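Since the structure comes first, as structure tokens, the remarks are kept for the end.
The values are calculated or read from the model by the stated rules, or taken from the named source; none is laboratory data. Every value quoted in this text rests on a predicted model; they were computed, and no experiment measured them. Don't worry about glycine lacking a Cβ; one is built from the backbone with ideal geometry, like all the others, and counts go over all protein chains shown. Note: areas computed on protein heavy atoms with side chains; ligands, DNA, RNA excluded. Shrake-Rupley method; radii C 1.70, N 1.55, O 1.52, S 1.80 Å.
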Amino acid sequence: MKKKLGTYQGVQNNAQDYLVVFSQASVPTKIVLNNKGQISGLLFESPQAQFVSLEEAITKFKALPGKVSFLVQEDKTIKAALNTKTPLPVGSAFKLAVLKALKSEIASGKRTWKDIVKLQPIGCKGRMAKITVWLLLGITARHL
């Protein structure tokens, strides 16, 4: 429990309910007492992760090793950004999705591991166009 929630910080009273606070999460809690003041019901709800501010998130991302890039956007308003012009490889994550789809088609008998599967563009523009060019080259399981 300590690994997932962190260290115990305290309990907050929210009218009739309680919030058990840990360093990494909080646990909404309900308690029912009988007419003698004894506990007759106790419910621990699902833990709720503690969130950090965008400024703190940016600081933590900057401290990570290697190249880091992210963009937080709500509608057309940019809320936070870091190195958004820096191109980063997404090939490995993409390969997992392709491998899953290919494995499914092999299991159904539609394809074999020796097949070359030519992927089609999906109307990408801008930065995604670079990925589309790579997709058009076609991949096989040995590339994954």
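Which whole-number percentage describes the relative contact order of the stretch 23-68, with Cα contacts under 8 Å and a sequence gap of 6 or more? Spell out each step's value before the answer.
Values: 44 pairs, mean separation 15.4, N = 46.
It comes to 34 percent, rounded to a whole number.
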### Query
In what sequence, largest accessible area first, do Thr84, Thr77 appear using a 1.4 Å probe?
Thr77, Thr84
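Could you sort 42-48, 99-105 so that the peptide with the highest average Cβ count within 10 Å comes first and the rest follow in order?
Numbers: 42-48: 11.4, 99-105: 13.7.
Put in order of decreasing packing, that is 99-105, 42-48.
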### Query
Roughly how many nanometres apart are two label points built 7 Å out from the Cα toward the Cβ at Asn35 and Leu71?
6.5
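Once you keep just the Cα pairs under 8 angstrom separated by 6 or more residues, what percentage relative contact order results for the stretch 1-102?
Values: 125 pairs, mean separation 13.8, N = 102.
About 14 percent, as a whole number.
Which sequence of Ile106, Ile78 reflects their accessible areas, 1.4 Å probe, from the largest down?
On the way: Ile106 35, Ile78 105 Å².
Per-residue accessible area, sorted high to low, gives Ile78, Ile106.
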